[in-house]
Amino acid sequence: MGIRHKITKTNVDFAFRKTVNISPEFLKNQGIKGLILDVDNTLTTHDHPVPAKGIREWLDKMKKNGIKLIIVSNNNAERVKPFADSLGLDFVSDSGKPLKRGYKAAMKKMGLSSAETAAVGDQLFTDVWGANFAGVKMLYVEPMEPEPKSKRFIRFKRVLEKPFLPKKFADDTKEKL
């Protein structure tokens with residue numbers, strides 16, 4: 001990413017087409033020991049109570065490889081707790097993303113420093129900014145699906161994000177990440 005992304009705090013360290021394409025080997029090569037995970041359009045579609053296909057298996061693989069995992073969401077506890085509980089994950093709800101407080105709370109719960117932590121998310125003005133403000137690596141993932149018409153504000157933000165989104169994706173390469 002260039003200087004424009006550094007100035008606007010829209011720097012993405014790595015981009016992936018899908019969350020499940022992030023491998024434990026890739027994380028270990030980057031020195032990442034823990035992931036801060038967004039919910040909507042990262043682990044499941046908007047307001048859906050069940051993880052998307054492949055997410056449970058992906059989380060199990062991460063856990064088996066010693067990667068610490070926590071959910072950080074702007075959603076309220078009523079939305080996040082049942083979802084996190086079903087996956088056996090700790091969480092921080094009402095996190096105030098892009099403010100760094102939710103990220104700092106998550107790192108404290110995981111017992112990790114910012115250098116050992118990465119955030120995984122799909123939105124520039126919450127996930128990417130939050131990761132940049134908190135000083136953690138950012139692993140951008142493409143949204144699982146377009147937002148429903150009821151999510152007008154998010155749909156509007158998607159238009160504003162477009163010029164800053166990554167053009168290269170780590171999982172487009174032929175080698176396994």
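Read the figures in this text as sums done on the coordinates, not as results from a lab. Remember, predicted model here, so these are calculated numbers, not experimental data. Please note: Cβ atoms are built from the backbone with ideal geometry, for glycine as well, and neighbour counts cover all protein chains shown.
What ratio of Cα Rg to 2.2 N^0.38 Å holds for region 1-105?
Values: Rg = 14.2 Å, N = 105, 2.2 N^0.38 = 12.9 Å.
Taking the Cα Rg and dividing by 2.2 N^0.38 Å, one obtains 1.10.
Place +1 on the Cβ of every Lys and Arg and -1 on the Cβ of every Asp and Glu in region 3-170, take the dipole about the Cα centre, and give the residue among 170, 44, 75 whose Cα lies farthest towards its positive end.
170
Sorted by average packing, counted as other Cβ atoms within 10 angstrom per residue and highest first, what order do 67-76, 42-51, 80-89 take? Please report the intermediate quantities before stating the final value.
Values: 67-76: 21.5, 42-51: 17.6, 80-89: 15.9.
Most protected by this proxy first, the peptides run 67-76, 42-51, 80-89.
Name the residue from 132, 150, 22 whose Cα lies farthest towards the positive end of the charge dipole of the chain, charges +1 on Cβ of Lys and Arg and -1 on Cβ of Asp and Glu.
Value computed over the given set: 132.
Counting other C-beta atoms within 10 Å, and keeping those with at most 12, which DSSP coil trypsin sites (Lys or Arg not before Pro) do you find in region 124-156?
Numbers: sites: 137, 149, 151, 152, 155; in loops: 149, 151.
Here the sparse-neighbourhood loop sites are 149.
Quick check: Cα centre of region 41-85 to Cα centre of region 104-177, how many Å?
Taking the Cα centre of each part, region 41-85 and region 104-177 sit 14 Å apart.
Which of [x] 31, 19, 13; [y] 26, 18, 17; [z] 21, 20, 17 is the computed semi-axes √(5λ) of the Cα gyration tensor in Å for the structure on display?
Here the calculated entry is [z].
Distance cut-off 30 Å, Cα to Cα: go down the list 33/100; 33/167; 61/157 and report the pairs above it.
Details: 33/100 19 Å; 33/167 26 Å; 61/157 33 Å.
Going by Cα-Cα distance, 61/157 fall outside the 30 Å limit.
Would you compute, from DSSP H runs of 4+ residues alone, the mean residue ellipticity of the chain at 222 nm, taking -39500 (n - 2.57) per run and dividing by the full residue count, rounded to the nearest 500? Mind dumping the intermediate values first?
Numbers: 7 runs with 58 residues, N = 177.
It lands at -9000 deg cm²/dmol.
Give a residue-ordered list of calculated ³J(HN,Hα) values for region 10-19 (Karplus: 6.51 cos²θ - 1.76 cosθ + 1.60, θ = phi - 60°; whole Hz; x for Gly, Pro).
With the stated coefficients, region 10-19 comes to 10, 6, 10, 6, 8, 10, 10, 5, 9, 4 Hz.
Using a simple charge model, +1 on the beta-carbon of Lys and Arg, -1 on the beta-carbon of Asp and Glu, nothing else, what dipole does region 3-170 show about its Cα centre, in debye to the nearest 20? Can you show the working numbers first?
Values: 31 positive and 18 negative charges, 97 e Å.
So the dipole magnitude of region 3-170 works out to roughly 460 debye.
May I ask you to derive the relative contact order of the chain, considering only C-alpha pairs under 8 Å and at least 6 residues apart, and to give it as an integer percent? Don't jump to the answer; show the numbers that get you there.
On the way: 315 pairs, mean separation 54.5, N = 177.
After rounding, I find 31 percent.
For residue 44, which sequence-distant residues (separation of 5 or more, or a different chain) have an amide H within less than 5 Å of its own amide H, given hydrogens modelled in the peptide plane?
For residue 44, the qualifying residues are 52.
Can you return the aspartates and glutamates within cross-link range of residue 64? Criterion is Cα-Cα under 20 Å, with same-chain partners fewer than 8 residues away left out.
Output for residue 64: 25, 85, 90, 116.
For residue 68, list long-range residues whose amide hydrogen, built 1.01 Å from N in the peptide plane, is under 5 Å from its own amide hydrogen.
When sequence neighbours closer than 5 places are left aside, the close amide H contacts are 34, 35.
Could you list which residues have their amide H under 5 Å from that of residue 138, counting only those 5 or more apart in sequence or on another chain, with H placed in the peptide plane?
13, 14, 119
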